[in-house]
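A.B. asks: Got a structure for you, written out below as structure tokens; questions coming shortly.
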Amino acid sequence: MKEDLKPCPFCGGMASIYETEQGEDYLDEIWVIHCKDCFAEMRGNKNDFNHIKNEEQRKYLEQTNPDEKEDIIKAWNKRV
């Protein structure tokens with residue numbers, strides 16, 4: 001799948017996707033899409049988004065639970 005990411009839904013900035021590791025032992029590989037301007041991000045697994053103060057952004061991120069690269073790209077590109 002070609003990685004055509006739409007601009008950030010919050011600020012219109014440029015986004016990028018990368019793979020990273022997380023978890024207690026850093027064994028969980030996940031996909032992350034990150035806005036280079038406002039630093040909004042979407043991760044490829046269910047996260048606790050309570051630390052995000054922007055309610056609109058938090059609700060948007062809570063609606064998704066992608067775990068595959070194609071799924072996270074589709075979720076990022078989805079617009080209401």
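The values are calculated or read from the model by the stated rules, or taken from the named source; none is laboratory data. What you see is a predicted model, and the numbers here were worked out from it, not measured in a lab. Note that each Cβ is placed from the backbone with ideal geometry, even for glycine, and that neighbours are counted across all protein chains shown. Surface areas here come from the heavy atoms of the whole protein model, side chains and all, with no ligands, DNA or RNA. Shrake-Rupley method; radii C 1.70, N 1.55, O 1.52, S 1.80 Å.
A.B. asks: Within the stretch 2-10, is there a residue that is open to solvent by 70 Å² or more (accessible area, probe 1.4 Å) and at pLDDT below 75?
C.D. replies: yes
A.B. asks: Okay, next question. Look at F39 and say whether it is in a loop (DSSP other than H, G, I, E, B), modelled with pLDDT of 90 or more and open to solvent by 100 Å² or more (accessible area, probe 1.4 Å).
C.D. replies: yes
A.B. asks: Further question: Suppose we filter E62, E68 for residues that are at pLDDT below 80, open to solvent by 40 Å² or more (accessible area, probe 1.4 Å) and within 13 Å of I17 (Cβ to Cβ); which single one remains?
C.D. replies: Testing whether each residue is at pLDDT below 80, open to solvent by 40 Å² or more (accessible area, probe 1.4 Å) and within 13 Å of I17 (Cβ to Cβ) leaves just E68.
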